[in-house]
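Report on the structure given below.
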Amino acid sequence: MMDNPLFEIFVQEAEENLEILESRIISIESEPENKDIINEAFRAIHSLKGGAGLAGFNKIKDFSHKAEDLFEKIRSGNQQITAELITILLQTLDVLKIMISNIKNGHEADADLDTGEVLAQIVGAVDSKTPVEKKEISPAAAGKLYFLDLEYYPEIFKSGIDPLMFLQDLRNAGKIIELEIISHEIPDAALFDPQNFYMAWKVFYETELDERGIADIFCFVIDESRIHISCLSAMQPDNPDLENFTVNGRHASSILPVTNSEEDPSESQTDKRVYRRASDLNTGSYIRVPTDKLEHIFNTVSELIVSQARISMLTEEFEENLPDNFLAVSDSLKNITLMLQEQVTSLRMVSLSGTFDRFKRVVRDMAADLDKKINLEISGQDTELDKNMIEKLNDPLKHIVRNCIDHGIETEEQRKKAGKPAEGLLRLAAYLESGKVVIEISDDGRGINKEKIVAKAIEREIIPPNYQLSEGEILNLIFHPGLSTAENVTDISGRGVGMDVVKNAITELNGTIDIITEDGAGTTFRLYLPLTLAIMDGMLVSIGAEKYVIPTLSILEIFRPEQWHLKTISGKGEVVFFRGSYIPMIRLHEILNVSGAEQDPITAELIVININGYKAALLVDTVMEQFQIVLKSLQKNFRRVDNISSATILGNGDVALILDLNSIQQKRV
């Protein structure tokens with residue numbers, strides 16, 4: 001496969017089209033009258049078929065062609081939208097996903113795949129004569145007359161598109177009154193290329209569609225072709241401009257009715273829309289860049305940031321011995337480096353819309369399997385995150401969503417008894433807050449039974465009996481491996497696998513999770529994530545002679561305690577009074593085995609952190625400064641180190657280790 005020059009381009013475009021297709025299929029079920037959504041779905045399957053044919057993947061092309069027939073029937077209004085039809089379309093999508101996955105792994109498209117059953121369902125739906133309710137059309141509303149001037153781009157065949165398809169689409173949506181083939185562009189035999197298309201068409205066309213509706217018929221070629229659409233019905237019959245519109249020598253005036261008394265006088269001018277080739281328009285252009293090239297650029301800029309910080313530190317150190325203009329150059333370099341970093345970072349930022357859209361299918365399928373009615377609400381999908389982070393977010397988000405549907409939202413009968421609407425509500429939301437991305441997954445279900453969690457934790461010997469836990473610590477137990485409150489083991493849940501995966505994945509992303517729950521009202525999982533994995537805000541602290549960095553994303557407050565803040569509780573050790581309650585105090589020098597550190601909290605400083613709902617106060621000697629750091633992997637460059645997540649290079653060239661707060665918190669618990 002890899003010797004196919006079109007392989008990588010086809011796979012990438014195919015995966016993009018399948019994402020679009022899945023989202024639009026789900027939307028069609030809830031908005032069956034929305035022609036834009038139907039056209040987008042048809043465009044995706046058509047592009048997939050054309051790309052497969054062009055790249056030589058004939059099995060994918062043939063299967064897509066059958067699927068395209070069904071989408072064409074839907075698009076032409078001859079297929080009723082039902083839940084059964086949506087299921088067939090989703091099964092079709094699943095087959096195409098497997099086919100693309102097979103060729104990515106070097107196998108034949110249909111390896112270990114039986115497409116017979118799905119194909120039979122597709123063909124059955126295409127051949128069915130299901131009556132479709134048609135709107136009554138009064139004779140007075142027979143349609144408008146249009147003049148179409150259609151000039152396709154020469155390479156249309158190479159895109160897998162048959163121009164005759166558009167004539168059939170026009171017939172399905174109206175009446176072709178007159179058609180003229182323009183063939184003067186056909187070259188001599190010596191220059192003739194059978195793979196090029198040289199003809200153009202002029203058409204008198206009657207339809208109820210408006211200009212946008214007609215343009216949608218040509219949606220696959222409208223960017224590369226010249227599509228002129230003129231509404232002749234908007235002109236008065238005696239308008240001399242009508243003589244300019246001819247097809248096969250026939251003038252438009254001979255087709256229009258004698259009077260157009262009901263037309264709005266303001267529309268007496270020709271309503272003419274011109275859809276030009278993309279190359280003719282002054283629009284932005286895009287290029288595809290391999291991810292590894294972006295990574296190389298980003299790493300280079302990261303090194304530049306470190307070097308610039310070094311220059312700034314040297315400038316401050318030797319300021320008196322430097323010429324005046326050197327300080328200006330140093331400041332300018334700092335600003336340019338910052339702008340470059342922001343621009344390069346933005347190249348890796350993508351919206352969450354694709355990720356969120358995938359859950360429309362997950363929610364639909366799970367709700368059907370569990371016999372529940374669930375409405376999914378999505379907001380903030382335009383919020384952007386680092387592409388590498390979004391790829392790693394899919395699994396943890398899926399686990400949380402499944403948990404909400406299975407454990408949280410009740411059945412229809414249970415909801416009615418509780419006085420709730422029969423349909424459950426699941427919300428996915430994203431927004432920016434204080435320089436970080438917040439993702440919320442919430443439901444209006446039964447909430448988390450905290451007593452049940454504690455009982456299960458005691459039963460599994462995760463905690464001892466009568467052990468006192470705060471609400472946050474109790475909720476944090478659901479992330480413990482092997483703990484599940486499900487009554488029965490099913491295909492979906494009950495084995496205690498899932499939420500621990502969520503916590504580990506979010507920790508790897510340098511993020512945290514909060515859980516807010518209310519009995520009978522529902523649960524919210526709130527994820528706090530940095531914008532990017534490569535650069536983060538950190539707080540530089542000293543412990544003894546060593547320097548460490550604490551991610552600011554987890555910091556709630558920094559303060560120097562007084563004696564009354566401090567207390568020792570039997571079974572819990574040292575605690576600190578913070579905002580109305582006592583939280584554990586963690587002596588970092590003991591965990592990190594650092595000698596010469598400050599022992600007295602009153603002369604040291606405390607940094608209060610929040611990790612997945614667990615609050616603790618970290619004892620450090622001094623808090624030095626907050627700054628932006630470039631992360632360096634220890635595992636790649638050295639080896640894994642306990643309680644350390646990664647490292648960074650300071651402006652003076654020293655290496656500072658970044659604390660793994662999740663690991664430290666787990667040891668303290």
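Go through segment 25-43 and give me each residue that's part of a helix (DSSP H, G or I), farther than 18 Å from residue 222 by Cβ and open to solvent by 60 Å² or more (accessible area, probe 1.4 Å). Selection gives 29, 30. Selection within segment 222-241: residues that are within 30 Å of residue 50 (Cα to Cα) and in contact with a Ser or Thr (Cβ under 8 Å, 6 or more places away or on another chain). The member of this set that is most open to solvent (accessible area, probe 1.4 Å) is 224. Out of 649, 644, 591, 607, I need the residue that is open to solvent by less than 20 Å² (accessible area, probe 1.4 Å), in contact (Cβ under 8 Å) with a residue 60 or more places away in the chain and β-branched (Val, Ile, Thr). Which one? Exactly one of 649, 644, 591, 607 is open to solvent by less than 20 Å² (accessible area, probe 1.4 Å), in contact (Cβ under 8 Å) with a residue 60 or more places away in the chain and β-branched (Val, Ile, Thr), namely 607. Once segment 393-432 is narrowed to residues that are without any contact (Cβ under 8 Å) to a residue 24 or more places away in the chain and of a type in the set (D, E, K, R), the residue that is surrounded by the most Cβ atoms within 10 Å (Cβ to Cβ) is 415. The residues of segment 525-578 that are under 27 Å from residue 499 (Cβ atoms) and outside any strand (DSSP E or B), listed by number, are 530, 531, 532, 533, 552, 553, 554, 571, 572.
Within segment 478-496, restricting attention to residues that are open to solvent by 20 Å² or more (accessible area, probe 1.4 Å) and within 20 Å of residue 613 (Cα to Cα), which residue is modelled with the lowest pLDDT? Result: 485. Residue 187 satisfies every condition listed in (1) at pLDDT 80 or above; (2) part of a helix (DSSP H, G or I) except (2). When residue 39 is tested against (1) over 26 Å from residue 362 (Cβ atoms); (2) in contact with a Cys (Cβ under 9 Å, 6 or more places away or on another chain), exactly one condition is not met: (1). Does residue 33 satisfy the condition of being of a type in the set (D, E, K, R), modelled with pLDDT of 90 or more and more than 30 Å from residue 3 (Cα to Cα)? Judged against the criteria, residue 33 is not a match. Number of residues in segment 300-345 that are free of Cβ contacts under 8 Å to residues at least 60 places away in the same chain, under 17 Å from residue 628 (Cβ atoms), hydroxyl-bearing (Ser, Thr, Tyr) and open to solvent by less than 50 Å² (accessible area, probe 1.4 Å) equals 1. Scanning segment 48-61 for residues that are open to solvent by less than 50 Å² (accessible area, probe 1.4 Å) and in a helix (DSSP H, G or I) gives 48, 49, 50, 51, 52, 53, 55, 60. Among what's in segment 178-203 and is of a type in the set (A, V, I, L, M, F, W, C) and over 14 Å from residue 149 (Cα atoms), pick the residue that is most open to solvent (accessible area, probe 1.4 Å). Per the criteria, the residue is 191. Once segment 570-588 is narrowed to residues that are more than 24 Å from residue 527 (Cβ to Cβ) and among the basic types (Lys, Arg), the residue that is least open to solvent (accessible area, probe 1.4 Å) is 587.
Within segment 497-515, how many residues are modelled with pLDDT of 75 or more and surrounded by fewer than 17 Cβ atoms within 10 Å (Cβ to Cβ)?
Our first condition is that a residue be modelled with pLDDT of 75 or more; within segment 497-515, this holds for 499-515.
Applying the additional criterion that residues be surrounded by fewer than 17 Cβ atoms within 10 Å (Cβ to Cβ) yields 500-501, 504, 508.
Summing the residues that are modelled with pLDDT of 75 or more and surrounded by fewer than 17 Cβ atoms within 10 Å (Cβ to Cβ) in segment 497-515 gives 4.
Would you tally the residues in segment 433-466 being part of a strand (DSSP E or B) and open to solvent by less than 40 Å² (accessible area, probe 1.4 Å)?
First, the residues of segment 433-466 that are part of a strand (DSSP E or B): 433, 436-443.
Checking which are open to solvent by less than 40 Å² (accessible area, probe 1.4 Å) leaves us with 436-443.
Number satisfying all stated conditions: 8.
The values are calculated or read from the model by the stated rules, or taken from the named source; none is laboratory data. Because the structure is a prediction, the values reported are computed rather than measured. So basically every Cβ, Gly included, is an ideal-geometry build from the backbone, and we count neighbours across all protein chains shown. Just the protein is used for accessible areas: all its heavy atoms, side chains included, with ligands, DNA and RNA removed. Shrake-Rupley method; radii C 1.70, N 1.55, O 1.52, S 1.80 Å.
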